[in-house]
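Visitor: Shown below is the structure under consideration.
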Amino acid sequence: MSIRKLLFFNIVRRPLRTFALLFICIVMSAAVFGGAVISASLQNGINSLEQRLGADIIVLPESASEKVKLENILLQGTPGYFYMDKNIENTLAGVDGVDKLSAQYFLVSANAECCTVQVQIIGFDDETDFSVKPWLSEAYSGSLGRNEIVVGSGLSTRVGHTLKLYGVECKAVGKLESTGTGLDTAVYASADTVRDLIKAAESKGISVLSKQSPDDVISSVYIKVKDGYDIDEVAANINLGIDGVQAVRTKSMLTGTADKLSVISGSVTVLIIAVWVLSAVIMLIVFTALVNERKREFAVLRAVGFSRRKLGTQVMSETLVICLIGAVIGIAIASAVVFPFSRLIETQSGLPFLSPGILTSLGYAALAFGAVILTGPLASVYSAYRLSRVDTAKILREGD
Amino acid sequence: MKRLIIGIAEGIAALVLTIGAFTFFKACGEHDGKFMACHWAQNAVVLAGIVLAALALIRIVVPNDNIKTGISIGIFALSAAVIFIPGTTINLCMMDDMACHTTFKPAVIVVSAVLAVIALADVIAGFVKAKKAQ
Amino acid sequence: MLITAQNITKSYQRKGKTKAPVQVLSNTDLSIESGKVYVILGRSGSGKSTLLNILSGLLTSSTGTVRYDDTDIYSLTDGELSQLRCKRVGYIPQGQSAVGTLTVRENVLLPTAIVGNANGFSRADHLLEQFGLTPLRDARPDELSGGELRRLSIARALINSPDVIFADEPTNDLDEENSRIVFEQLRNAAQSGAAVVIVTHELFAQEFADVVYRMQQGSLIREKGQ
């Protein structure tokens, strides 16, 4: 017989009490950890989208629906396309304050080889590009050749493997980092490749979704503004000076999403705190209620020769052990939901959702762990005090 | 009694895996009479799920404790293998925002991992009991 | 001389409005020697249990001293006193006192959890045999009868081979046959060298005693023995 065994028996042989406390600990740690990771993933997602676009201003054809289409491409991964005259690129280069600019051409494949789904194909200019190449996680050397493509992280195609688009075998030479957005399922190619794809589609009788060639049109232009220039002013100048286009600040395009996100993050935070406080209160009530039930047990221990300190330690250790186990289970459950199903959360919520890295996640796990193993023992301090001060002589005389 | 509860838990997890794989967390399904790549992964999971459910049933019915433990070792091994069916052994669809990636794969991984853990717990409980009986 | 209690008084503050103090024990002296059975008789409420709890260190007296050999127990810290109580004192409380989460054998072993006892297991098995509890060793207390529970708490009090055993109404809920068995066993413990102090209202307990006291209105009156 040892104190440790006594502790073990007390936990194992009172299954109902143990399960009730365990359950509270599990709910608490799962809520704190899951909530923190969800909040962080949303924040991560929008940050990565903002960085990923890399541009201060995006220029699109002038029509409300085009902006919505772009947002859908970026956030939902819904393939889309729209065009404007290619000369606009040159006109834009002349606008005062424009530092770098790069045009992109959007094309939507009717279907890809394996699955009957549409793929967003983005033609970009290898030479001027500043918004695709910085995010290559597996880089290709030199420039993008004919029938060579770069794929988003969400596509299963591996670097070195090929992907058949309109019957054309395209070799994946690069893969981009994950953004947690619709950009992850896009295919990036040079203008030459896009031209080939359109030709291939026509020759196969597949109705191409656009008859316009990248020789004549572009879909959007990404602009980086020179240092010292006001981004809003440059955008306003473009809107006033060039017909048929709209210049949108990247930030303002993401504002709607950011607002939605801050509401969700706020709700998650409130929820975490509510669960935490509620669990703490329930624990406090449970422990206090247990004092009366366990008085006799502790009086016996005292009579047998347990010191007050040992009695208190006994109560605290029981709580601590249950909290430790509960925290581990809770974090495991939350992990099993939040990490594997992150893509589902993203597609269902329409919000960029990018799980934090291992270190950050471990940090949140430590936070949830700490929250539980502090709250539990704190909630039992009072009952530990009461039980260590039981009036042994009186309680043992009270009979059973 | 304890082992009966574990056995029932195994059975439930195996049934959830089997039925779920073609209902509430099914893969992408067919389009225009064509099956997508992930369909075969789904079939494999359903087949494995049926075998697992059958094993779990035998595990509950058989009276001998050591045979129970043996069957649970099998359940553990098979359910651990099922974790690697979607995406690793059998390809899923091309884009990771499709149902086979967002729902089917994570659900199969989680359910079969849970089943593997339960089976492992049963194996350990079986060995402990066998040792005590000696 | 094992235990000497000198000039013990104990008074309680009443909890009601009057808050008048109640004197339970007044100027009591008592010496306990090894190998003897002491029986303290008295009506309920006469203060005999209070005296027992003071002697065993569970309760502190209002005035006076309690010494174990040369050690004044009031000079000890709670930890030291608990240690001393665990090693040298076997305490048999009134009523049911088994821990519900432990088996009979584990309950008997309980005191060894604190001080450790290399021979704990063999001694426990020996005591279980001696008290006829061997068939029940793996049972939980809620499966035991009153007499069995009583024998369990005596076995537990003996596990660390204490110098002194205090028994508070050890036969309270037992019939005479079982009561006699209990007294017999306490008598045996005294024969193997321990001092035994029994508080009871059973008059036939005197048959087993070396020294008999009667507690009357807070004072001890010797009735038998030197």
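The values are calculated or read from the model by the stated rules, or taken from the named source; none is laboratory data. Not measured: the values here are computed from a predicted model. Here the Cβ is made from the backbone with ideal geometry for all residues, glycine too, and neighbour counts use every protein chain on show.
Visitor: Among the residues of the stretch B:101-120, write down those that are touching a residue at least 24 places away in the same chain (Cβ under 8 Å) and of a type in the set (A, V, I, L, M).
Guide: Those that are touching a residue at least 24 places away in the same chain (Cβ under 8 Å) and of a type in the set (A, V, I, L, M): B:A107, B:V108, B:I109, B:V111, B:A113, B:V114, B:L115, B:A116, B:I118, B:A119, B:L120.
Visitor: Now for a different question. Quick one: in the stretch C:170-226, of everything that is surrounded by 15 or more Cβ atoms within 10 Å (Cβ to Cβ) and small (G, A, S), which residue is nearest to C:Y12 (Cα to Cα)?
Guide: The selected residue is C:G218.
Visitor: Another question, if that's okay. Condition first: assigned to a helix (DSSP H, G or I) and among the basic types (K, R). Can you find one or more residues in the stretch A:74-92 that meet it?
Guide: No, there is no match, as no residue in the stretch A:74-92 is assigned to a helix (DSSP H, G or I) and among the basic types (K, R).
Visitor: May I pose another question? Within the stretch B:105-131, count every residue that is within 12 Å of another protein chain (Cβ to nearest Cβ) and surrounded by fewer than 24 Cβ atoms within 10 Å (Cβ to Cβ).
Guide: Residues flagged as within 12 Å of another protein chain (Cβ to nearest Cβ) and surrounded by fewer than 24 Cβ atoms within 10 Å (Cβ to Cβ) within the stretch B:105-131 amount to 7.
Visitor: Suppose we keep only residues that are more than 7 Å from chain A (Cβ to nearest Cβ) and crowded, with 22+ Cβ neighbours inside 10 Å within the stretch B:93-104. Which one would you say is nearest to B:H39 (Cα to Cα)?
Guide: B:C100
Visitor: Hey, another quick one. Which one of the conditions (1) without any contact (Cβ under 8 Å) to a residue 60 or more places away in the chain; (2) out of contact with any helix residue (DSSP H, G or I) (no Cβ under 8 Å at 6 or more places or on another chain) does C:L203 fail to meet, given that it meets all the rest?
Guide: Exception for C:L203: condition (1).
Visitor: Scanning for something modelled with pLDDT of 85 or more and either over 29 Å from A:D85 (Cα atoms) or crowded, with 17+ Cβ neighbours inside 10 Å (or both), does the stretch A:105-112 turn up at least one residue?
Guide: Looking for residues that are modelled with pLDDT of 85 or more and either over 29 Å from A:D85 (Cα atoms) or crowded, with 17+ Cβ neighbours inside 10 Å (or both), one finds at least one in the stretch A:105-112, hence yes.
Visitor: I'd like to check something: does the stretch A:130-151 contain any residue that is closer than 21 Å to B:C100 by Cα and at pLDDT 80 or above?
Guide: Yes; the residues of the stretch A:130-151 include at least one that is closer than 21 Å to B:C100 by Cα and at pLDDT 80 or above.
Visitor: Please verify whether the stretch A:56-69 includes one or more residues that are part of a helix (DSSP H, G or I), within 14 Å of chain C (Cβ to nearest Cβ) and free of Cβ contacts under 8 Å to residues at least 60 places away in the same chain.
Guide: Within the stretch A:56-69, not a single residue is part of a helix (DSSP H, G or I), within 14 Å of chain C (Cβ to nearest Cβ) and free of Cβ contacts under 8 Å to residues at least 60 places away in the same chain.
Visitor: To continue, here is another question. Considering A:L284, A:L278, which residue is modelled with pLDDT of 85 or more and either touching a Cys at 6+ places or on another chain (Cβ under 7 Å) or surrounded by fewer than 16 Cβ atoms within 10 Å (Cβ to Cβ) (or both)?
Guide: Matching residue, one of A:L284, A:L278: A:L278.
Visitor: Would you call A:L290 without any contact (Cβ under 8 Å) to a residue 12 or more places away in the chain, more than 19 Å from the chain's Cα centre (by Cα), closer than 19 Å to A:I24 by Cα and surrounded by 13 or more Cβ atoms within 10 Å (Cβ to Cβ)?
Guide: For A:L290, the condition - without any contact (Cβ under 8 Å) to a residue 12 or more places away in the chain, more than 19 Å from the chain's Cα centre (by Cα), closer than 19 Å to A:I24 by Cα and surrounded by 13 or more Cβ atoms within 10 Å (Cβ to Cβ) - is not met.
Visitor: When you check C:V22 against the structure, is it at negative phi, of a type in the set (V, I, T), out of contact with any Cys (no Cβ under 8 Å at 6 or more places or on another chain) and within 11 Å of chain A (Cβ to nearest Cβ), yes or no?
Guide: No.
Visitor: Among (1) in contact with a helix residue (DSSP H, G or I) (Cβ under 7 Å, 6 or more places away or on another chain); (2) closer than 27 Å to C:V182 by Cα; (3) in a loop (DSSP other than H, G, I, E, B), where does C:S49 come up short?
Guide: Single failed check for C:S49: (3).
Visitor: While we're on this one: Please verify whether the stretch B:62-83 includes one or more residues that are in contact with a helix residue (DSSP H, G or I) (Cβ under 7 Å, 6 or more places away or on another chain) and in a loop (DSSP other than H, G, I, E, B).
Guide: Yes, the stretch B:62-83 has at least one match.
Visitor: Ok, one more. Consider the stretch C:107-129. How many of its residues are more than 8 Å from every other protein chain (Cβ to nearest Cβ) and part of a helix (DSSP H, G or I)?
Guide: 11
Visitor: Could you grab me the full set of residues in the stretch C:55-80 that are in contact with a helix residue (DSSP H, G or I) (Cβ under 8 Å, 6 or more places away or on another chain), of a type outside the set (G, A, S) and more than 8 Å from every other protein chain (Cβ to nearest Cβ)?
Guide: C:T60, C:T65, C:V66, C:R67, C:Y68, C:T71, C:I73, C:L76 - these are the residues of the stretch C:55-80 that are in contact with a helix residue (DSSP H, G or I) (Cβ under 8 Å, 6 or more places away or on another chain), of a type outside the set (G, A, S) and more than 8 Å from every other protein chain (Cβ to nearest Cβ).
Visitor: Which one is modelled with the lowest pLDDT, of the residues in the stretch A:386-400 that are in a helix (DSSP H, G or I) and within 14 Å of another protein chain (Cβ to nearest Cβ)?
Guide: Among them, the one singled out is A:R397.
Visitor: Give A:I198, A:I218, A:I231 a once-over and let me know the one that is over 27 Å from the mean Cα position of the chain (by Cα), outside the structural domain of A:I373 (by TED's automatic domain parsing) and more than 24 Å from A:K86 (Cβ to Cβ).
Guide: After ruling out the rest, the residue left standing is A:I231.
Visitor: Residues C:G132, C:G64: which one is touching a strand residue (DSSP E or B) at 6+ places or on another chain (Cβ under 6 Å) and not in a helix (DSSP H, G or I)?
Guide: On inspection, the qualifying residue turns out to be C:G64.
Visitor: Pick out the one residue from A:I322, A:I331, A:I373 that is in contact (Cβ under 8 Å) with a residue 40 or more places away in the chain, surrounded by fewer than 21 Cβ atoms within 10 Å (Cβ to Cβ) and more than 10 Å from every other protein chain (Cβ to nearest Cβ).
Guide: Exactly one of A:I322, A:I331, A:I373 is in contact (Cβ under 8 Å) with a residue 40 or more places away in the chain, surrounded by fewer than 21 Cβ atoms within 10 Å (Cβ to Cβ) and more than 10 Å from every other protein chain (Cβ to nearest Cβ), namely A:I373.
Visitor: May I pose another question? How many residues are crowded, with 21+ Cβ neighbours inside 10 Å, under 21 Å from C:E184 (Cβ atoms) and aliphatic (A, V, I, L, M) when one looks only at the stretch C:24-41?
Guide: Matching residues across the stretch C:24-41 total 4.
Visitor: Is it the case, given these coordinates, that C:V104 is surrounded by 17 or more Cβ atoms within 10 Å (Cβ to Cβ), β-branched (V, I, T) and more than 8 Å from chain A (Cβ to nearest Cβ)?
Guide: yes
Visitor: Would you mind listing the helices (runs of 4 or more DSSP H) fully within the stretch A:221-339 where at least 1 residues are of a type in the set (D, E) and within 29 Å of A:Q43 (Cα to Cα)?
Guide: A:231-241, A:250-304
Visitor: From A:V390, A:V381, which residue is among the aliphatic types (A, V, I, L, M), in the same structural domain as A:I38 (by TED's automatic domain parsing), in contact (Cβ under 8 Å) with a residue 12 or more places away in the chain and surrounded by fewer than 18 Cβ atoms within 10 Å (Cβ to Cβ)?
Guide: Every option except A:V381 fails the conditions.
Visitor: Could you list, in sequence order, the residues of the stretch A:340-357 that are assigned to a helix (DSSP H, G or I) and buried (at least 18 other Cβ atoms within 10 Å of the Cβ)?
Guide: A:S342, A:R343, A:L344, A:I345, A:E346, A:T347
Visitor: Against the condition of a type in the set (S, T, N, Q), in contact (Cβ under 8 Å) with a residue 12 or more places away in the chain and within 14 Å of chain B (Cβ to nearest Cβ), how does A:S355 come out, does it pass?
Guide: Taking the combined requirement at face value, the residue satisfies it.
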